[in-house]
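Written below as C-alpha cells is the structure these notes are about.
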Amino acid sequence: MASSAPGVAALAAVILDLDGVIADSHPLHEQAWRTLLAEQGLDPAGINLDFIYAGRPRREILRHYLGPLPEPLLESLGRRKDEHYSRIADTLKPKPGLLRLLDELDAAGIPFALATCAGRKRTEDTLRQFGIAGRFAAVATGEDAGSSKPTPEIFLLAAAKLEVSPRQALVIEDSVAGVEAARAAGMKCVAYVPAARLAEFADAGADRVLTDFPQPAVEFFLRVMGDEAAQHFSSAAHAAQPSEGA
C-alpha cells in the first residue's frame, strides 16, 4: 500500500480513462453512432454529438437522440452500435504520447490504473491491441461499478484496487462527467481535451487542462498535487538512491 508523510497528498497513483485518453477512439465511436442513428431515421449530417462527448451512459445517449425506449430495444440498439464499432476497431490507435507516459510512470514507481464506463470485453480487447494489457495495476470497467460518471464510484473502486487514498490519486479524463466524478471522489484531475474545449473543462473543475500529455509528466503531476507532494516525492526518491561507495 502506498503511503505518505502525514498531511502530504503525495502522488501515489494515476488513474486514466479509456476512450479519448488511452485510446484515440472518439472518431470511431462517432462513426458508429452516426451509422446507428442514421439507421433509426436521423440525418447523420445534422446530428450534434456533444451529448455523447459529455461522457453519458449509453442508455442516456440513446434516449437523448431517439426518445423514450423500452429496455429490450435499448439493449438491442446498444449491441448494434457495438457491431458498427467492431467493424472498424482494427484501425484504433493509442493516443499520441501514451506509451511514453506509461514508461515515465513505471520509471518513477508510480502505479497506474484504468477506470472506464466501457464494458470489460472492449476494454480488454483495446489494451491487448495496444500491447499494454499487463501494464495496469488495476482495471475498473462499467461492469464493475454500480453507477456511471459523474458519480465517483468508478474512481473510488480503482483507488481501492490500488490500495491508495483517493486524495493521493490523480485522474486523467476527457469528459465533463469524468472530471465531475474525479472531483466528487476527492481526486485531482487533469483534463486532456481538444483546444476548443479548454475553457469548458476549466469551468467544469479540472485542476489543469491540456491538449497533449505533459512532458516530463511526473514533474507536472506533482505540481498539480501541490508543492508539498513534489517535495515529499523528491525526498523519497533521493532517500532510495544508494549513497556513494555503496
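Here Ile172 fulfils each of the conditions (1) crowded, with 19+ Cβ neighbours inside 10 Å; (2) touching a helix residue (DSSP H, G or I) at 6+ places or on another chain (Cβ under 7 Å) apart from (2). Just to be sure, is Leu42 outside any helix (DSSP H, G or I), more than 20 Å from the chain's Cα centre (by Cα) and either outside the structural domain of Glu153 (by TED's automatic domain parsing) or among the β-branched types (Val, Ile, Thr) (or both)? In short, yes. Out of curiosity, is Ser86 among the hydroxyl-bearing types (Ser, Thr, Tyr) and either farther than 23 Å from Cys189 by Cβ or in contact with a Ser or Thr (Cβ under 7 Å, 6 or more places away or on another chain) (or both)? Spelling it out, Ser86 is indeed among the hydroxyl-bearing types (Ser, Thr, Tyr) and either farther than 23 Å from Cys189 by Cβ or in contact with a Ser or Thr (Cβ under 7 Å, 6 or more places away or on another chain) (or both). What are the residues in region 13-32 that are part of a helix (DSSP H, G or I) and touching a helix residue (DSSP H, G or I) at 6+ places or on another chain (Cβ under 6 Å), if any? Correct list: Leu28, Ala32. Checking region 108-116 against the condition returns no match, with no residue being within 30 Å of Ala160 (Cβ to Cβ), surrounded by 18 or more Cβ atoms within 10 Å (Cβ to Cβ) and outside the structural domain of Asp19 (by TED's automatic domain parsing).
In this structure, does His29 turn out to be in contact with a Phe, Trp or Tyr (Cβ under 9 Å, 6 or more places away or on another chain) and over 30 Å from Ala217 (Cα atoms)? Here the answer is no, as His29 does not meet what is asked.
Residues in region 105-122 that are over 14 Å from Ala13 (Cβ atoms) and either among the basic types (Lys, Arg) or assigned to a helix (DSSP H, G or I) (or both): Ala107, Arg120, Lys121, Arg122.
The values are calculated or read from the model by the stated rules, or taken from the named source; none is laboratory data. Keep in mind that what you see is a predicted model, and the values were worked out from it rather than measured. As a convention, Cβ positions derive from the backbone with ideal geometry for all residues, glycine included, and neighbour counts pool all protein chains shown.
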